[in-house]
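A short write-up of the structure that comes next.
The values are calculated or read from the model by the stated rules, or taken from the named source; none is laboratory data. Just so you know, these numbers come straight off a predicted model, no measurement behind them. Because the Cβ atoms are built from the backbone with ideal geometry, glycine has one as well, and the counts that use them run over all protein chains shown. These accessible areas exclude ligands, DNA and RNA; they are computed on the full protein's heavy atoms, side chains included. Shrake-Rupley method; radii C 1.70, N 1.55, O 1.52, S 1.80 Å.
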Amino acid sequence: QVQLKESGGGLVQAGGSLRLSCAASGRTFRNEAMGWFRQCPGKEREFVAHISWDGAFGYYADSVKGRSAISRDNAKNTVYLEMNSLKPGDTAVYYCAADDRYRTSSSFSPKYWGQGTQVTVSS
């Protein structure tokens, strides 16, 4: 059974930083893209970032570009999202996601999802 387990969420003041982690189990994702989505209160789930299978390329939503960094450690089957200069608008449940097969670097079609971790940014 494939599981994606997020951690690292919590309460942080505006301007602060957080590092989210997502550990996968049940299969390896060495050849598949992984990434993050979020669902802000009252809104639909939205893309945040994804990283190519080899970690060479990261893709970001405009809302987080320039203040976030996605990375991965294939040896640990783990993907990370570091977020800086956090704003109250970043308050959301953050979901880890993983593709089920190799695709070109810019493509990401998640098939596996985590349960989410809450990030709350206070003003």
Original post:
In the chain, which cysteines lack any other cysteine Cβ under 4.7 Å from their own?
Top reply: C40
Original post:
Near K43, which lysines are there with a Cα under 26 Å away, not counting those fewer than 8 places off in the same chain?
Top reply: K5, K65, K87, K111
Original post:
What accessible area per residue comes out for the chain, rounded to a whole number of Å², with a 1.4 Å probe?
Top reply: 51 Å²
**OP:** With a point put 7 Å past each Cα toward its Cβ, work out how far K76 is from W113 in nm, to one decimal.
**Re:** 2.6 nm
**OP:** Could you tell me which GluC sites (Glu not before Pro) in region 28-123 are loop residues by DSSP with no more than 12 other beta carbons within 10 angstrom of their beta carbon?
**Re:** E44
Original post:
How much of the accessible area of the chain, in percent, comes from carbon and sulfur atoms when a 1.4 Å probe is used?
Top reply: 46 percent
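May I ask you to derive the relative contact order of region 50-123, considering only C-alpha pairs under 8 Å and at least 6 residues apart, and to give it as an integer percent? Let's see the in-between values first.
Values: 103 pairs, mean separation 21.1, N = 74.
Relative contact order of region 50-123: 29 percent.
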Subject >> Globularity ratio of the chain, using Cα Rg and 2.2 N^0.38 Å >> reply: 0.98
